[in-house]
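> What follows is a structure written as structure tokens; I'll ask about it next.
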Amino acid sequence: MCKFLFYKSKQIRRKPKSKNRLPVDDKKLNMGNTYSCAPKYYYDIEFTCIDCGAEQNWTARQQKWWYEKAGGYFFSTAIRCRECRKKERIRKEEARKAYFDGIQKKREKQHK
Ligand SMILES: [Zn+2]
């Protein structure tokens, strides 16, 4: 059975009637150990941002770039809109900074 989870996610609606499609170069895909079920084409996809609920359009062109140029893992997919991705990145950076600050403070304490 094809485990092509990509289009099965609840949040994602493939647009089958979209004329906007690009051929998939499956040699460039980062599919891990799964080589089956690579689709032939990228289609524009609609999805709902998991953070703010905004309707987003992920175009075939953007997918091709993500999977073939950026080396995105094939079963990873867009779940956040651009704005929320930006926020998420900042949040992660701050969390990491806070973590390292914490370590730093601990070390300073120990040396006193
Ligand atoms: Zn969002």
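The values are calculated or read from the model by the stated rules, or taken from the named source; none is laboratory data. The structure presented is a predicted model; accordingly, all values stated were derived computationally and were not measured. Because the Cβ atoms are built from the backbone with ideal geometry, glycine has one as well, and the counts that use them run over all protein chains shown.
> Could you list, in sequence order, all residues of segment 70-80 that are touching a residue at least 12 places away in the same chain (Cβ under 8 Å) and closer than 18 Å to LYS28 by Cα?
Hits for segment 70-80 are GLY71, GLY72, TYR73, PHE74, PHE75, THR77.
> Of all strands (runs of 3 or more DSSP E) completely enclosed by segment 17-112, which ones contain at least 3 residues that are at pLDDT 85 or above and surrounded by 12 or more Cβ atoms within 10 Å (Cβ to Cβ)?
41-43, 45-48, 55-58
> Which of the numbered conditions does ILE50 fail, given that it passes all the others? Conditions: (1) more than 13 Å from the chain's Cα centre (by Cα); (2) near the ligand (Cβ under 10 Å from one of its atoms); (3) not small (Gly, Ala, Ser).
(1)
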